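A.B. asks: Right, I'll just put the structure down here and ask away after.
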Amino acid sequence: MSEAQIEVSRRGGAPDGMAAPVSNRMLMWKRFMRNKIAVVGAVVVVLAFAFAFLGPLIYQTDQVHVQLSAANEAPSANHWLGTDAVGFDQLGRMMVGGQVSLTIGLAAGVLATVIGALWGSVAGYTGGWVDAIMMRIVDSGIAIPALFILLVISAIVSPNSLTMILVIGCLAWLVPSRLVRAETLTLKSRDYVLTLRGIGGGHWRVVSRHIVPNTISTLVVNATFQIADAILLVAYVSYLGMGVQAPATDWGGMLSAGLSAAYSGFWWLIIPPGVAIILVVCAFNAIGDGLRDMFDVKGR
Amino acid sequence: METFRFILKRVGQSVVVVFLVTIVVFALLHLLPGGPARGILGVQATPEQIAAFKEKRGLDEPLVIQYLEYLGRLLQGDLGRSYVLNAPVADLIIDRLPKTLLLSVLSAAVGLMIALPLGIWQAYKRNRPSDYVLTSLSFVAYATPVFFVGLILIIVFTQWLSWFPPLAPRGDSIADILSDPQALVLPVTTAALGIIALFSRYMRASTLDNLSEDYVRTAAAKGTSEGQILARHVFRNSLTSITTMLGYYIPVLFAGSLVVEQLFNYPGMGLLFWNAAQAPDFPVLLGCVLIISIATVIGSLLADLVQVFIDPRVRHSS
């Protein structure tokens, strides 16, 4: 359902014979709330953000000073989830790491969707050889697996949160660009677009005011899946030791020393970050599924 | 004729894509601070050394000339030289690639042998409790990083139960690796779990799609039992889309082997790449990226071609 159509139905009020005017927005909200798994996903995401960003206000820990005398302690009343190899409180570490994982995932997912929307709409709207060249570039981008290229770039520039957002955003836009191009192709031959062109509307106006807004539902659904994928990708890169550098960390990075922890039987260093990644990725995917049903679009 | 034109077009597209990939890899080599000279001489080279090297190797020539020379060397199978391992990159990859392929083929075979029956069974039991449980499990498995699965398996099966060794088999040849099957169990299981999660989902969806086809209704009307319809008709038709998905799955398979090989110290291309990233050893990194990208392009090309050959409907609609 497009923004424009929503506006029309809201201004027009309820059709004759209907008791109460129910807006489309309310209808969509109800449809989302009916999908219980998606609602649970949304709650999990909110809780994860609260845990990472508000948690440190309540559960205060020292994440700056290394304390080797208190390394690898099992969970206790002092350290609810024990301590890691350099004596940081593991629960506090989960909060700090969560801030990085969630921020990079969210920002990179949104950035990828924005780039993909622009690229796909321009390619689809322009058509011809410009479209052919732009889409071959997308093909070759998809041919280079993101994890490998990300590791190469991490070897070139020392990675921090900002560079990782930019790099993942610049790698992950390929799939949304294909989706948006496909929708643009059908939209540009619609009567209202042809009419607007006929009465002298410029290309920029058509793309920015009519094509892109009509792909919003596809984009929102895709962005949710993109965020889930970005969180996983960051986790892989950090696990392989090429993510944000110490003392900063993220959930994947907390597992980069996981092998030695596994051999020593320090389960509290492995289970919490792994479960956190799974929970948050599942939650974003569930929200994506819910939004897809709500907008009734084809996602992935 | 139609088919021939489609194949020609698809092969042509793939060649263009591989060509663009070489440009990207070449660009990455020149993105390095200090350019390829830095990549070859390593991170510790002084600016003077780099300047001298550039002059000697013709690296101060225009980029277009350099690119054409690079392309010429690629066509001769020259991927550059690893100055960390002191060996040609092509030789290193040729030595490691078969081992990675062995691990990938084993995991894919094990994974599919479980995923395909599972998907059909789920479609048969659709929307019943057992289907919901399995669907939720694959939903969770899809969100689980491969390294986390590996770590959990290592804790459970090497530390608690000591059923399997924590390290993959070592050895120079495929025969050496296969001579220690017990050490292969954990790496193969780790890689196979992702395949099971994904392909049981595809198989379920594909089976459900096929169940709504006319030929299923015809077979049912003629009195064929649902079990027989599934085994004899639907399964074979579903395989079309599964083969296609396998072709597209190649990059994921390589990414998985990167983690599995690092985790279990398995001497394949993934471990080669990971060690090169730690060094960093740019000729090896970019050589691997190029080979994996070409494998990806060939995979999706084969997927499309296989579909044309086994499904006549695709041939006529294209």
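The values are calculated or read from the model by the stated rules, or taken from the named source; none is laboratory data. Because the structure is predicted, anything quoted here is derived from the model rather than measured. No Cβ is skipped: glycine too gets one built from the backbone with ideal geometry, and neighbour counts run over all protein chains shown. Please note that ligands, DNA and RNA were not included when accessible areas were found on the heavy atoms of the full protein model with its side chains. Shrake-Rupley method; radii C 1.70, N 1.55, O 1.52, S 1.80 Å.
A.B. asks: Exactly one condition in (1) among the aliphatic types (A, V, I, L, M); (2) open to solvent by 40 Å² or more (accessible area, probe 1.4 Å); (3) in contact with an Asp or Glu (Cβ under 8 Å, 6 or more places away or on another chain) is false for residue A:58; which is it?
C.D. replies: (3)
A.B. asks: Looking at this structure, is residue A:83 open to solvent by 50 Å² or more (accessible area, probe 1.4 Å) and of a type in the set (Ser, Thr, Tyr)?
C.D. replies: Here the answer is no, as residue A:83 does not meet what is asked.
A.B. asks: Being open to solvent by less than 20 Å² (accessible area, probe 1.4 Å) and either over 15 Å from residue A:38 (Cβ atoms) or small (Gly, Ala, Ser) (or both) is the filter here; which residues of the range A:273-298 pass it?
C.D. replies: A:273, A:274, A:276, A:277, A:283, A:286, A:288, A:290
A.B. asks: Which ones in the range B:166-192 are within 14 Å of chain A (Cβ to nearest Cβ) and open to solvent by 50 Å² or more (accessible area, probe 1.4 Å)?
C.D. replies: B:167
A.B. asks: Could you check the range A:167-217 and list, in sequence order, the residues that are among the acidic types (Asp, Glu) and open to solvent by less than 60 Å² (accessible area, probe 1.4 Å)?
C.D. replies: Of everything in the range A:167-217, just one residue is among the acidic types (Asp, Glu) and open to solvent by less than 60 Å² (accessible area, probe 1.4 Å), namely A:183.
A.B. asks: Does the range B:298-309 hold any residues that are open to solvent by 10 Å² or more (accessible area, probe 1.4 Å) and facing chain A (nearest Cβ under 10 Å), and which are they?
C.D. replies: Result: B:298, B:300.
A.B. asks: Ok, one more. Going through the range A:137-181 one residue at a time, which ones are in a loop (DSSP other than H, G, I, E, B) and at the interface with chain B (Cβ under 7 Å from one of its Cβ atoms)?
C.D. replies: Those that are in a loop (DSSP other than H, G, I, E, B) and at the interface with chain B (Cβ under 7 Å from one of its Cβ atoms): A:144, A:145.
A.B. asks: Out of all the residues in the range A:61-92, which are among the polar types (S, T, N, Q) and touching a residue at least 24 places away in the same chain (Cβ under 8 Å)?
C.D. replies: A:61, A:63, A:72, A:90
A.B. asks: Determine which single condition residue B:158 fails, assuming it passes every other condition in (1) polar (S, T, N, Q); (2) surrounded by fewer than 18 Cβ atoms within 10 Å (Cβ to Cβ); (3) touching a Phe, Trp or Tyr at 6+ places or on another chain (Cβ under 9 Å); (4) more than 25 Å from residue A:240 (Cα to Cα).
C.D. replies: Of everything listed in (1) polar (S, T, N, Q); (2) surrounded by fewer than 18 Cβ atoms within 10 Å (Cβ to Cβ); (3) touching a Phe, Trp or Tyr at 6+ places or on another chain (Cβ under 9 Å); (4) more than 25 Å from residue A:240 (Cα to Cα), residue B:158 misses just condition (4).
A.B. asks: Residues in the range B:279-297 that are farther than 23 Å from residue B:19 by Cα and more than 7 Å from chain A (Cβ to nearest Cβ): how many?
C.D. replies: 2
A.B. asks: Could you tell me whether any residue of the range A:76-96 is at pLDDT 80 or above and among the acidic types (Asp, Glu)?
C.D. replies: Yes, because at least one residue in the range A:76-96 is at pLDDT 80 or above and among the acidic types (Asp, Glu).
A.B. asks: Also, quick follow-up: When you go through A:166, A:179 one by one, which is the residue that is in contact (Cβ under 8 Å) with a residue 40 or more places away in the chain and closer than 29 Å to residue B:247 by Cα? Talk me through it step by step, then tell me what you get.
C.D. replies: Details: A:166 fails: closer than 29 Å to residue B:247 by Cα.
A:179 is the lone residue from the list that is in contact (Cβ under 8 Å) with a residue 40 or more places away in the chain and closer than 29 Å to residue B:247 by Cα.
A.B. asks: Filter the range B:123-153 down to the residues that are of a type in the set (Gly, Ala, Ser), within 30 Å of residue A:263 (Cβ to Cβ) and without any contact (Cβ under 8 Å) to a residue 12 or more places away in the chain and list them by number.
C.D. replies: Across the range B:123-153, the qualifying residue is only B:143.
A.B. asks: Being part of a helix (DSSP H, G or I) and either under 21 Å from residue B:254 (Cα atoms) or more than 14 Å from chain A (Cβ to nearest Cβ) (or both) is the filter here; which residues of the range B:134-151 pass it?
C.D. replies: B:134, B:138, B:141, B:142, B:146, B:147, B:148, B:149, B:150, B:151
A.B. asks: For the range A:235-262, give me each residue that is in a helix (DSSP H, G or I), modelled with pLDDT of 85 or more and in contact with a Leu (Cβ under 9 Å, 6 or more places away or on another chain).
C.D. replies: Within the range A:235-262, A:235, A:236, A:237, A:238, A:239, A:254, A:255 meet the criteria.
A.B. asks: Do any helices (runs of 4 or more DSSP H) entirely within the range B:213-277 hold 1 or more residues that are within 14 Å of another protein chain (Cβ to nearest Cβ) and either basic (Lys, Arg) or buried (at least 24 other Cβ atoms within 10 Å of the Cβ) (or both), and if so, which?
C.D. replies: Values: elements: B:214-221, B:235-248, B:250-264.
Helices (runs of 4 or more DSSP H) meeting the threshold: B:250-264.
A.B. asks: Only residues that are farther than 13 Å from residue A:211 by Cβ and of a type in the set (Ser, Thr, Tyr): list them for the range A:119-142, please.
C.D. replies: A:140
A.B. asks: Please find, among A:117, A:108, A:112, the residue that is farther than 28 Å from residue B:287 by Cα and either outside any helix (DSSP H, G or I) or more than 14 Å from every other protein chain (Cβ to nearest Cβ) (or both). Steps first, please.
C.D. replies: Numbers: A:108 fails: farther than 28 Å from residue B:287 by Cα; A:112 fails: farther than 28 Å from residue B:287 by Cα.
Being farther than 28 Å from residue B:287 by Cα and either outside any helix (DSSP H, G or I) or more than 14 Å from every other protein chain (Cβ to nearest Cβ) (or both) holds for just one of A:117, A:108, A:112, which is A:117.
A.B. asks: Taking the range B:107-133, which residues are over 28 Å from residue A:235 (Cβ atoms), open to solvent by 50 Å² or more (accessible area, probe 1.4 Å) and not in a loop (DSSP other than H, G, I, E, B)?
C.D. replies: Once the filter is applied, which keeps residues that are over 28 Å from residue A:235 (Cβ atoms), open to solvent by 50 Å² or more (accessible area, probe 1.4 Å) and not in a loop (DSSP other than H, G, I, E, B), the range B:107-133 yields B:113, B:117, B:121, B:124, B:129.
Yes or no, residue by residue, for (1) within 13 Å of the chain's Cα centre (by Cα); (2) among the small types (Gly, Ala, Ser):
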position	(1), (2)
B:221	no, yes
B:242	no, no
B:245	yes, no
B:280	no, no
B:288	yes, no
B:296	yes, no
B:308	no, no
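A.B. asks: With respect to residue A:92, is the statement that it is more than 14 Å from chain B (Cβ to nearest Cβ) and either crowded, with 22+ Cβ neighbours inside 10 Å or closer than 27 Å to residue B:288 by Cβ (or both) true?
C.D. replies: Values: more than 14 Å from chain B (Cβ to nearest Cβ): yes; either crowded, with 22+ Cβ neighbours inside 10 Å or closer than 27 Å to residue B:288 by Cβ (or both): no.
So residue A:92 fails the test.
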